[in-house]
Amino acid sequence: MRLYLSRGAGTRPACRAAGPARLLLGSLLGLLALVSAGCGAATPTGAPAPPASAATATSAAPAALSPTAAAPTTAPTTAATVAPTTAVTAAPTTAAGGPTFTNPVLTNDFPDPFVLKANNVYYAYATNGAGKNIQRATSPDLVHWSMQGDAMPALASWAQIGGNLVWAPEVIAIGGKYVMYYTARDKTSDKQCVGVAVSDTPDGRFKDTNDHPLVCQVDEGGTIDPDPFQDGDKLYLYFKNDGNCCGRTTYIYVQELTPDGQQLVGQPTQLVSNDEYWEGHVVEAPTMFKHDGKYYLFYSANDYAGAAYAVGYATCQAPTGPCQDAPENPILASHMDPPLVIGPGHQALIQVGDQTWIVYHVWQAVAGGRGDSRLMWIDRVNWPDGKPHVEGPTTGPQPMP
């Protein structure tokens, strides 16, 4: 989910690329929203949920801080902004209890982050930006990050080149290989679809040699936001139909994968949809996570471009469901009291020892509202009574991982 402002709305990529005039308008509207709200709402009000049978997407750019804007999905930031070769990371400080860090941990534009640990190194992958199809950064500790080269410099033959259309990569180690799932524009259907690419190492060049996407739900608007999950000897892929591109209900699906992770098995199963008020017109960015033998499906919802974007979860009886939305959703949301935290979402979870961490992006805050970059944040997740509790979003010093 990326930066032309409807990640697949009926119009072409331009609907996701916010031009300068649109960003200026968004900032002005965001300032008006802050003044009218008194800058005091700790949690934004979600957009009214559409009927489960027919969600309605909007192709217009949402107001920068409008908590009621009904959004499609996250989109890639325009490649006009070139990121520095050396990432700007959080500057650690030392407190009485030891070294600390302060969010954001990566101040390059790095939307839809996913983090994998391999060989004692953390690898972060993100949506296209800075002239790269797939952005990649490395860190020894989740806090100090260095930007690397393009993780997939050549796209598959089925994928359209250009247009900021390569989104939301995730990587899993399978059988001595590293398999990446990503979203790109399918030339044949002109929809966003999911592909699969392979590399020998997490820092290598991933290659997709297929002549067609792995998943492409053309009749449901396309497919985006893949999330691989291994449970025992079974592999699964979670994804979301891009229904908000064209006025359809959005669902998060799961489907089994072959042992090498490169083909699908059976038929997809619907797990959750945008049927709650806070979710607005879209659910997206699934993350399946297993904790103490129980299954938790995290996801993001509502307007990716504004303050209504947030993270929730559902409890599932098995990797293939059924799943039930948590009544306390959302569990990670914007803070409208300074310092502003706008649109936290598109999360990934990673276990570091006994501590669970959530990795997500937040819009850069500028004078008057929202900037045009999404920065990477991390926070702790604790599990009181078997429920995930995000200790954030934090804006002050926190103990290092």
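Candidates in segment 345-381 are the residues that are touching a residue at least 60 places away in the same chain (Cβ under 8 Å) and acidic (Asp, Glu); of these, the one that is nearest to Val311 (Cα to Cα) is Asp379.
Elements of the type strands (runs of 3 or more DSSP E) sitting completely within segment 93-142 and holding at least 1 residues that are more than 21 Å from Phe289 (Cβ to Cβ): these cover 93-95, 98-101, 121-126, 135-139.
Of the residues making up segment 156-181, just one is charged (D, E, K, R) and crowded, with 22+ Cβ neighbours inside 10 Å, namely Glu170. Of the residues making up segment 140-155, those that are crowded, with 21+ Cβ neighbours inside 10 Å and either of a type in the set (A, V, I, L, M) or over 21 Å from the mean Cα position of the chain (by Cα) (or both) are Leu142, Val143, Met147, Ala151, Met152, Leu155.
Those strands (runs of 3 or more DSSP E) of segment 210-326 in which 1 or more residues are basic (Lys, Arg) and under 16 Å from the mean Cα position of the chain (by Cα) occupy 234-241. Say we look at segment 187-209 and pick out the residues that are among the β-branched types (Val, Ile, Thr) and not in a loop (DSSP other than H, G, I, E, B); which of these is surrounded by the fewest Cβ atoms within 10 Å (Cβ to Cβ)? Here the answer is Val198. Take Ala307 and tell me if it is touching a Gly at 6+ places or on another chain (Cβ under 9 Å), among the small types (Gly, Ala, Ser), surrounded by 21 or more Cβ atoms within 10 Å (Cβ to Cβ) and more than 18 Å from Asp225 (Cβ to Cβ). Yes, satisfied. Taken over segment 167-192, residues that are of a type in the set (A, V, I, L, M, F, W, C) and either touching a helix residue (DSSP H, G or I) at 6+ places or on another chain (Cβ under 8 Å) or over 23 Å from Asp219 (Cβ atoms) (or both) amount to 6.
Within this structure, Ala184 passes the test of being assigned to a strand (DSSP E or B), surrounded by 24 or more Cβ atoms within 10 Å (Cβ to Cβ) and either at pLDDT 95 or above or among the hydroxyl-bearing types (Ser, Thr, Tyr) (or both). Listed conditions (1) of a type outside the set (Val, Ile, Thr); (2) free of Cβ contacts under 8 Å to residues at least 12 places away in the same chain; (3) buried (at least 24 other Cβ atoms within 10 Å of the Cβ) are all met by Pro384, apart from (3).
The values are calculated or read from the model by the stated rules, or taken from the named source; none is laboratory data. Just so it is clear, the structure is predicted and the values come from calculations on it, not from any experiment. Cβ coordinates were reconstructed from backbone atoms using ideal geometry, including for glycine residues, and neighbour counts include every protein chain displayed.
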